[in-house]
Amino acid sequence: MSTKTKTILYVAGILAIMLVSTVFFPRYNPSRLSNTQTNSSTSSESTVSTTSEPLLPNNAATTIQSTITPEIIKENSTTSNITINAQVPQVVGSANVTQQDKVNSFLHDTITGIISNFKKSAKNQSSLDINYEMSYFSNGLLSAKLNITKSNNSLSGTSTTNSFIGLNYDIDNSKQIALEDVFNASSNYLSILSVLSAKDLLQFHAQDKNQADLVLCIQTVTAPNKANFNNFNFNESSFTLYTQAAKAGSLNCLGNEIIEIPCADLADYINVPGPVTKIFSIISL
C-alpha cells in the first residue's frame, strides 16, 4: 500500500471517529500558546502578583488550610550575562509537615534541575523564565503547569522558545504521579488518548493549507505510545496533554500544542484505585 493511500485512509478513519464522537463526546475548547509567542512580560507580572497572594486550594473549606506560594529564584550573572527568573510552587500551612517537605523538595529539585541544565548549554545574553499555573490542588493531589521561556540574544537577533511541563504529585503518598498511575494498564488507554488527541488536532488545524504534512505530523505526535502522553496535567473537568516536538521525515512537528480531553471521555480507562480516582468520585461520573 502506498504512502498516499495510507494517508488518505488515516484521514478518512479520523474523520469517521470525529463524526461518531461528536454524538458521544461534547466538543471542548482547548487553549493554546504559539511556539513563537514571547512570555517575558507575563512571567514578570506573575512573579509580582503571586508572591503576595498565595493560591487557595480548591477545597479551601477543609480542615487542612494549606496553600501554594512561590519561592522566587533570581540570578543575574555579570560575567556571562545569563539571567534566571523562576517561580517554584511551594505548599505552606499543611498539617502534615513531612508530606509538605517531600512535595516541596520534589518541586524545588525539578525546577532547579531545569535551571542547572539551562546553564550548561546557555550562551552569553541568554535568559530563562519559569512561572507556574496551578491546575489542581486539593484532596491530597497537586497538578501544576510550568511555563518555560528561553531566550538567546545574538548578532542575528533574539530567538525565543516556549515549552510546558506538567508536574503531578500525590501528596498523601509522597510520590510523583506518572501516566501509568492515572490509567488502568489493561484498558488500552493509549489508544483512546491517541484517537482523542488526533481528533482535537485535526479540528484545530482544519484550515491549515498543507494538510498532507499536517496529517503526517499528527500521526507522529499522537501515536499510541507513552512518550507522546507523559507530559500532562489534570483537574476536575479535564485531562490536559502537551505535545512534544518531533521529527516526521524532514518536518518539525507540533511542539507545545495543548490538548484538553474531558474527564468524562476517560472515565472507563482510569486506574481504580489510583491517585486521581478521588477526582472522579467527586464529580460522580
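Please treat every number below as a calculation from the coordinates, not as lab data. Everything numeric here is computed off the predicted structure, so don't read it as measured data. Methodologically, a virtual Cβ is constructed for each residue, glycine included, from the backbone with ideal geometry; neighbour enumeration extends over all protein chains shown.
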(request) Taking H placed 1.01 Å from N in the peptide plane, check which residues at least 5 places from Y132 or on another chain put their amide H under 5 Å from its amide H. (result) N147
(message) How high is the relative contact order of the range 150-240? Use alpha-carbon pairs under 8 Å, at least six apart in sequence, and give a whole percent.
(response) 27 percent
(request) Would you grab the residues whose amide H sits under 5 Å from the one on F183? Only those 5+ places off in sequence or on another chain, please, with H modelled 1.01 Å from N. (result) N271
(request) Note the per residue figure in Å³ for the convex hull of the C-alpha positions in the range 58-195. (result) 145 Å³
(request) Evaluate the distance, in nm, between pseudo-label points positioned 7 Å from the Cα of K175 and of D208 along their respective Cα→Cβ axes. (result) 3.7 nm
(request) Distance from a point 7 Å along Cα→Cβ of K123 to each backbone N in the range 68-103: keep the residues under 16 Å and list them by number. (result) 80-83
(request) Provide the three semi-axes, in whole Å and in decreasing order, of the ellipsoid equivalent to the range 156-233 as defined by the square roots of 5 times the Cα gyration tensor eigenvalues. (result) 28, 21, 9
(request) Please report, in whole Å, how far the alpha carbons of the range 154-285 spread along each principal axis, starting with the longest. (result) 51, 34, 22
(message) I need the fraction of alpha carbon pairs in the range 91-169 separated by more than 22 Å, rounded to a whole percent.
(response) 37 percent
(request) Once you have the Cα-Cα distance between I72 and H108, take 0.36 nm times their residue separation minus that, and quote the gain in nm to one decimal. (result) 11.9 nm
(request) Using amide H atoms built 1.01 Å from N in the peptide plane, name the residues 5+ places from E257, or on other chains, whose amide H lies under 5 Å from its own. (result) T243
